[in-house]
Amino acid sequence: MVKGKRKPVEEIYSVISKYSKILIVGCGGCVSVCLAGGQKEVFELIEDLKASGGSAKQMDSYTVERQCNMTFLAELDDMADAYDCIVSMACGAGVQYLAERFANIPVFPAINTIAIGVDREIGVYEEKCRACGQCVLSYTGGICPVTKCAKGLFNGPCGGTNSGMCEINNQTPCAWHDIYTRLKDQGRLDDILKIQAPMQWQNQVQRTIVQDAYAERYAK
Amino acid sequence: MENLELDTTQVKKMLGKHKAKMKFYLGMCAHCSLCAESCFLFNSHDNDPKYMPSYKFINSLGTLYKKKGRIKQETVEEIKANIWERCALCTRCYCPFGIDIPSMIALARSIMRSQGVYPQYDEEKAHPLAE
């Protein structure tokens with residue numbers, strides 16, 4: 001799931017300080033699970049904003065099930081116009097969809113979207129995927145070099161690997177050392193010799209996914 | 001578990017706003033169970049009837065309409081389970097009669113959220129899907 005972390009209250013307050021009536025919108029999706037932007041966190045943010053100088057402002061809240069789905073954003077239609085601005089506690093996708101729905105109202109993010117990640121513990125999340133669109137996990141023992149390698153190398157290791165650690169510091173594991181070790185344990189070292197074509201990072205445009213079963217319906 | 005005092009005025013107001021459509025949907029359900037196969041949670045829980053989309057909306061939104069928001073704590077817990085633990089609101093459930101099941105679950109969730117009832121992910125328990 002998408003993982004995020006709430007912005008410092010000072011940063012959020014700085015963008016809403018000139019507004020009087022503020023609607024804070026939580027998201028019941030990924031950011032609820034990672035304890036960053038769900039209904040509970042919305043209430044906490046209101047308390048923090050009031051304690052940071054916003055006690056005279058009207059701050060109301062509403063949590064939709066997912067801000068990345070227009071059906072759920074429609075629940076805000078009757079109330080949004082009554083506010084000077086909206087603070088979204090969703091990920092970057094949700095903030096943009098909310099801003100698209102209410103294009104005449106300033107929409108501000110309260111969350112820094114960090115990663116596609118996993119739940120190590122309750123409250124502890126680890127990045128696992130950068131959605132590069134060219135998954136090589138089949139050849140890397142299920143360890144993502146784009147995410148874990150400091151250089152994001154598709155083919156590694158580089159010359160900076162040192163006793164299992166990365167050259168950037170001795171506390172950061174070398175992704176390609178871990179990949180080598182896992183492939184070796186599985187008897188799949190041949191996979192590391194398969195050269196992967198470089199990622200085409202240049203000229204990237206906003207991506208849209210249409211699943212094959214829906215290709216005909218949405219053909220342009 | 002503490003007893004929850006529902007604000008029945010607010011609940012009835014929310015129910016009333018969508019009453020015509022939702023009551024129509026509730027009356028339209030023929031209990032044909034065809035929606036069941038479209039629910040991945042129903043399929044992954046050994047076809048447990050409690051995961052049927054129709055069961056979930058009847059025993060959440062249907063209960064709220066029937067009881068006009070006056071429900072006991074144990075019913076709150078049952079509704080919470082039906083609309084969150086047993087439903088991902090993936091919006092993929094299908095009704096051959098055209099009942100918009102996701103909108104019913106979504107309304108039930110909105111009503112419960114308005115009463116301070118929502119999933120608590122920081123509780124020291126496993127995720128319901130992992131149980």
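The values are calculated or read from the model by the stated rules, or taken from the named source; none is laboratory data. On a predicted model such as this, the values are computed, not experimentally measured, just so you know. As a convention, Cβ positions derive from the backbone with ideal geometry for all residues, glycine included, and neighbour counts pool all protein chains shown. Heads up: the accessible areas ignore ligands, DNA and RNA and are worked out on the full protein's heavy atoms, side chains in. Shrake-Rupley method; radii C 1.70, N 1.55, O 1.52, S 1.80 Å.
Based on Cα contacts under 8 Å between residues 6+ apart, chain A shows a relative contact order of 17 percent. Calculated translational diffusion coefficient of the protein assembly as shown (10 °C, 1.306 mPa s; Stokes-Einstein with Kirkwood radius over alpha-carbon pairs) equals 69 µm²/s.
Per-residue accessible area (protein heavy atoms, 1.4 Å probe) orders B:90, A:68, A:91 as A:68, B:90, A:91, starting from the largest. For segment A:132-204, the relative contact order works out to 32 percent when only alpha carbon pairs closer than 8 Å and six or more residues apart are counted.
For the residues B:112, B:22, B:14, a GNM of chain B with alpha-carbon springs under 10 Å puts the largest fluctuation on B:14. For segment A:1-73 versus segment A:138-161, the inter-centroid distance based on Cα atoms is 36 Å. A Cβ-based charge dipole, computed about the Cα centre of segment B:39-131 with Lys and Arg at +1 and Asp and Glu at -1, lands at about 560 debye.
What number, in percent, do you get for the relative contact order of segment A:1-121 if the mean sequence gap of Cα pairs under 8 Å and at least 6 apart is divided by its residue count? Working shown, then result.
Values: 236 pairs, mean separation 43.2, N = 121.
Reported as a whole number, the value is 36 percent.
Note on segment A:132-204: with charges restricted to the Cβ of Lys and Arg (+1) and Asp and Glu (-1), its dipole about the Cα centre is near 60 debye. Counting only other chain Cβ atoms within 10 Å of each residue's Cβ, the peptide B:105-115 averages 3. Amide hydrogen proximity for residue A:29: with H placed 1.01 Å from N in the peptide plane, the residues at 5 or more positions away or on another chain lying under 5 Å are A:67. Cross-link pairs exceeding 31 Å in C-alpha to C-alpha distance, out of A:220/B:17; B:17/B:72; B:23/B:72; A:50/B:21, comprise A:220/B:17; A:50/B:21.
Of the residues A:16, A:177, A:31, the one whose Cα sits farthest towards the positive end of the charge dipole of chain A is A:177 (charges of +1 on Lys and Arg Cβ, -1 on Asp and Glu Cβ, taken about the Cα centre). In chain B, the convex hull through the Cα atoms has an average projected area of 7.9 nm², a quarter of its surface area. Taken per residue, the accessible surface of chain A reaches 58 Å², heavy atoms only and a 1.4 Å probe. Amide H to amide H distances under 5 Å link residue A:136 with no residue, where only residues 5 or more positions off or on other chains count and H is placed in the peptide plane. Rounded to the nearest Hz, the phi-derived 3J(HN,Hα) couplings of segment A:144-151 under the Karplus curve 6.51 cos²θ - 1.76 cosθ + 1.60 (θ = phi - 60°) are 7, x, 5, 7, 8, 7, 4, 9, where x marks glycine and proline. Membrane-span-like helices in chain A, defined here as complete DSSP H runs extending at least 18 Å along the helix axis by their C-alpha atoms with mean Kyte-Doolittle hydropathy no lower than 0.5, are absent; this is a sequence and geometry rule, not a statement about a membrane. Residue-wise HN-Hα couplings along segment A:122-130, as the Karplus relation 6.51 cos²θ - 1.76 cosθ + 1.60 with θ = phi - 60° gives them from phi, are 5, x, 10, 10, 10, 5, 10, 8, 10 Hz; Gly and Pro carry x.
For chain A, what is the mean residue ellipticity at 222 nm derived from helices alone (per DSSP H run of n ≥ 4: -39500 (n - 2.57); sum divided by total residues; nearest 500 deg cm²/dmol)?
Numbers: 8 runs with 56 residues, N = 220.
Estimated from H runs of four or more residues: -6500 deg cm²/dmol.
Note on residue B:28: accessible area approximately 50 square angstrom, rounded to 10, probe 1.4 Å, nucleic acids and ligands left out. Around the amide H of residue A:108, modelled in the peptide plane, lie the amide H atoms of A:86, A:87, A:88, all under 5 Å away and 5 or more residues distant in sequence or on another chain. Ordering A:82, B:22, A:139 by the projection of their Cα atoms onto the charge dipole of the protein assembly as shown, which places +1 on the Cβ of Lys and Arg and -1 on the Cβ of Asp and Glu, puts B:22 at the extreme positive end. Peptide A:28-35 is shielded by partner chain Cβ atoms: per residue, an average of 3 of them sit within 10 Å of its Cβ.
Within the listed set B:47, B:82, B:59, the Gaussian network model of chain B (springs between alpha-carbon atoms below 10 Å) gives the highest mean-square fluctuation for B:47.
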